[in-house]
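Asker: Okay, here's the structure, questions in a sec.
The values are calculated or read from the model by the stated rules, or taken from the named source; none is laboratory data. Owing to the predicted nature of the structure, the values given are computational and were not obtained by experimental measurement. Cβ placement follows ideal geometry from the backbone for every residue including glycine, while neighbour counts extend to all protein chains displayed.
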Amino acid sequence: MLAMFAAGAFGALLLQQNDRAANLWGNCLAIAGSGTGLIFSGAALLRGTIPVFVIDSSFPLLSLSLRFDQLSAFFMMIISLVALLCSVYALGSVRHYYGKYSIGVLGFFYNVFIVSMMLVVTAHNALFFLIVWEVMSLASYFLVIYERRETASIRAGSLYFIMMHAGTAFIIFAFLLMYRLTGSVEFEAIRGGIGAASPLMKNAIFISALIGFGVKAGIIPLHVWLPSAHPAAPSHISALMSGVMIKTGIYMMIRIYFDILSGAYLWWGLALLVIGAMSSLLGVLYALSEHDLKRLLAYHSIENIGIILLGLGSALVFSSFGLNTLAALGLAAALFHTMNHATFKALLFLGAGAVIAGTHTRNIEKYGGLIRLMPQTAFFFLVGSMAISALPPLNGFFSEWLTFQALFQGVLAFDVVTKIIFILSIGSLAFTGGLAAACFVKAFGITFLARPRSEQAAQASETAMLPRLAMAGLALLIVGLGVFSGMVLRTLATVAGSMANLQGAETADVAQFKSVSIQNGFAVTSMPAIFIGVIAAAVAVTVAVSLLTRKRKTATGPTWNCGSDLTPRMEITATGFSRSLITIARGVLRPSSETEIEYHDASSYFPRVGTVTTSLHDIYQTFIYKPLRDLTTIIAGQFTKVQSGNINAYILYIFLTLIGLLFFLDLQS
């Protein structure tokens, strides 16, 4: 598999003078490598074996250790699956870059990006992990700035680069603490030697890992890079970044909190619940305010990361009380939503890419009527919209429903303070579900329904066959994961129970979802029954309507237009659709509007032109990152005084440094 990706990367570079050949070579090798990874990870999941590969290095503490346990195999399967379909999509979608940007460079970083994600979730040595983590960050950075002549892409890439390396600093600190406690950087040795660590050290590792991996996952308030970076990249890269790359942060949280660090503290889980509730609710609120289709989807990634953290937080709380079966339920819910989000978010980004390629704009206000011009893309986008809105019988419903079950168990099991946090988490998840449905009514309706609101939308056409084939594959996965969610859950319960801190969990209890009833305190359901019920209801309604209207004559005529021609100005806009909800949340979103009116010269009473500009204040930029940037600028300005340009001053600095080091060594001896 590694050889396939290496051949795809370097072969695409060698063929960069021929865009078509570089596209075929790079993406076909990516398809082959992803297919191999999918087969291998699927076999590891089904067989339950744990292959281990170790290649010793001449560098101290560094060994190329790869370990495919149940958790690694699960995440590698998700990466392989989404990467395979994104590669199929790219074969037909990157042609508009021919002659503009190097397809060979795109193919090189694309293959490196995929294989680095696979190595991240299988690395079993901290130093090796940091190397492949950095490779993943750099490869994705170059993909974000691929359209290098666009200023927005360069700015998004710069912000992404800074945030990723700030997060990496916290990750390194966490690994250094582990090394100090155990004297090893092998995850297996760390797991065995960290149990006797003091509460202070464990808390420091927890906080450092939360910040470091939370930056990659995009949790609020560490999310500022995500809404800019994901839209800037090509659409199939956006699908990979949003669908699977941010999940590498979730993977390492699970690895550290449930497999390496033993003896979870109650406040760890409560902190994750609070952060998850904030990320899910605020993520969807910011998505509602967006009119850039890809930025809207990027904010929904923050929302869904928050939902995953709700499952992880509940699992940590249960684990701190020794309730390992309930902890396995919460972790299984988080894993299931991780998989589901990868599928429907990838589908939505690929659908958005097809729309943008057809209309040459990301502004939802410029769309309209695309369902007649791009019917298949509209259908696939509708499937993704229904799934992310958690409508049964699609996969998003079941994982959110399972998260509700884990949270309700927390309400039943704990004292008042913990119970209140669980209740607030349930409320945030419920609000998030309703707002997500409203947001995608806007996204789908304004994009595909009514009439075209611009010349670009009126001239759009359906995307090529291969992109539609990739979207069809993801749509089938969404339906299959929903209908057969009970079977999927049994596998995920096994993965959750394989974590070192959840040994002894009765995962069979977690996996018993066979009928709509209450069993052992759990509400359980059968997705095949719901699917059959939905199909039966649709057939019954269709037959009833046909029988009742078979003798009725239908006349088709023009819509009443109030005596004037129908124009796009009469349609509801994305701004108008979401404005009332934004106003309700004005305390957080802080919306503002600016009105400009131009009057006729002869009269100041009758306006000739009027425009209203609406915007939101980013409270995180205003109150966190801007002050931090200003402080950094001031400190850096003070340090520039040291750089005087005088060689004598530099010699003095060296001399003082040597004296200081000698003094320090004397104290140590």
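Asker: Being in a helix (DSSP H, G or I) and of a type in the set (S, T, Y) is the filter; apply it to region 328-384 and report the residue that is farthest from L477 (Cα to Cα).
Answerer: In this case the residue turns out to be T359.
Asker: Taking only region 54-112 into account, find how many residues are in a helix (DSSP H, G or I) and of a type in the set (D, E, K, R).
Answerer: Adding up the residues that qualify gives 1.
Asker: Shifting gears a bit: Restricting to region 50-64, what's the tally of residues that are touching a Phe, Trp or Tyr at 6+ places or on another chain (Cβ under 6 Å) and on the phi > 0 side of the Ramachandran plot?
Answerer: Qualifying residue count, region 50-64: 0.
Asker: Within the set of pairs 6+ apart or on separate chains, which have a first residue in region 475-497 that is part of a helix (DSSP H, G or I), a second that is basic (K, R), and C-beta atoms under 8 Å apart?
Answerer: If the second residue must be basic (K, R), the pairs left are G486/K514.
Asker: Answer yes if at least one residue in region 212-221 is over 19 Å from the mean Cα position of the chain (by Cα), small (G, A, S) and assigned by TED's automatic domain parsing to the domain that holds R295, and no otherwise.
Answerer: Of all residues in region 212-221, those over 19 Å from the mean Cα position of the chain (by Cα) come to none.
No, the conditions are met nowhere in region 212-221.
Asker: Among the listed residues V82, V105, which satisfies the condition of being surrounded by 20 or more Cβ atoms within 10 Å (Cβ to Cβ) and in contact (Cβ under 8 Å) with a residue 12 or more places away in the chain?
Answerer: V82
Asker: All but one of (1) within 26 Å of the chain's Cα centre (by Cα); (2) farther than 25 Å from L85 by Cα; (3) of a type in the set (S, T, N, Q) hold for S485; which doesn't?
Answerer: (2)
Asker: Does F10 satisfy the condition of being out of contact with any Gly (no Cβ under 6 Å at 6 or more places or on another chain), within 30 Å of M487 (Cβ to Cβ) and touching a residue at least 12 places away in the same chain (Cβ under 8 Å)? Before the answer, list the steps.
Answerer: Details: out of contact with any Gly (no Cβ under 6 Å at 6 or more places or on another chain): yes; within 30 Å of M487 (Cβ to Cβ): no; touching a residue at least 12 places away in the same chain (Cβ under 8 Å): yes.
For F10, the condition - out of contact with any Gly (no Cβ under 6 Å at 6 or more places or on another chain), within 30 Å of M487 (Cβ to Cβ) and touching a residue at least 12 places away in the same chain (Cβ under 8 Å) - is not met.
Asker: Can you tell me which residue in region 163-183 is nearest to the chain's Cα centre (by Cα), limited to those that are free of Cβ contacts under 8 Å to residues at least 40 places away in the same chain and at negative phi? Before you say what the answer is, go through the steps one by one.
Answerer: Here is the first cut: in region 163-183, the ones free of Cβ contacts under 8 Å to residues at least 40 places away in the same chain are 165, 173, 176-177, 180-183.
Still in the running and at negative phi: 165, 173, 176-177, 180-182.
Numbers: H165: 19, F173: 25, L176: 28, L177: 28, R180: 33, L181: 33, T182: 33 Å.
Among those that are free of Cβ contacts under 8 Å to residues at least 40 places away in the same chain and at negative phi, it is H165.
One line per residue, one yes/no per condition, for (1) within 13 Å of G37 (Cα to Cα); (2) within 16 Å of the chain's Cα centre (by Cα); (3) of a type in the set (G, A, S):
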site: L71; (1), (2), (3): no, no, no
site: F75; (1), (2), (3): yes, yes, no
site: G92; (1), (2), (3): no, no, yes
site: G104; (1), (2), (3): no, no, yes
site: Y110; (1), (2), (3): no, no, no
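Asker: Cβ-Cβ below 7 Å, separation at least six or inter-chain, first residue in region 411-422 and of a type in the set (D, E, K, R), second surrounded by 12 or more Cβ atoms within 10 Å (Cβ to Cβ): which pairs?
Answerer: Correct list of pairs: K419/V411.
Asker: Is it the case that some residue within region 431-441 is more than 17 Å from G384 (Cα to Cα), touching a residue at least 60 places away in the same chain (Cβ under 8 Å) and crowded, with 17+ Cβ neighbours inside 10 Å?
Answerer: Looking for residues that are more than 17 Å from G384 (Cα to Cα), touching a residue at least 60 places away in the same chain (Cβ under 8 Å) and crowded, with 17+ Cβ neighbours inside 10 Å, one finds none in region 431-441, hence no.
Asker: Being over 23 Å from Q70 (Cα atoms), part of a helix (DSSP H, G or I), at pLDDT 95 or above and not β-branched (V, I, T) narrows it down to one of A156, A152, A139, A166, so name that one. Don't jump to the end; show me each part of the working.
Answerer: On the way: A156 fails: at pLDDT 95 or above; A152 fails: at pLDDT 95 or above; A166 fails: at pLDDT 95 or above.
Answer to the selection: A139.
Asker: Next question, about the same structure. Mind checking whether some residue in region 173-194 is farther than 19 Å from I260 by Cα and either of a type in the set (S, T, N, Q) or part of a helix (DSSP H, G or I) (or both)? Before you say what the answer is, go through the steps one by one.
Answerer: Within region 173-194, the subset farther than 19 Å from I260 by Cα is none.
No; the residues of region 173-194 include none that is farther than 19 Å from I260 by Cα and either of a type in the set (S, T, N, Q) or part of a helix (DSSP H, G or I) (or both).
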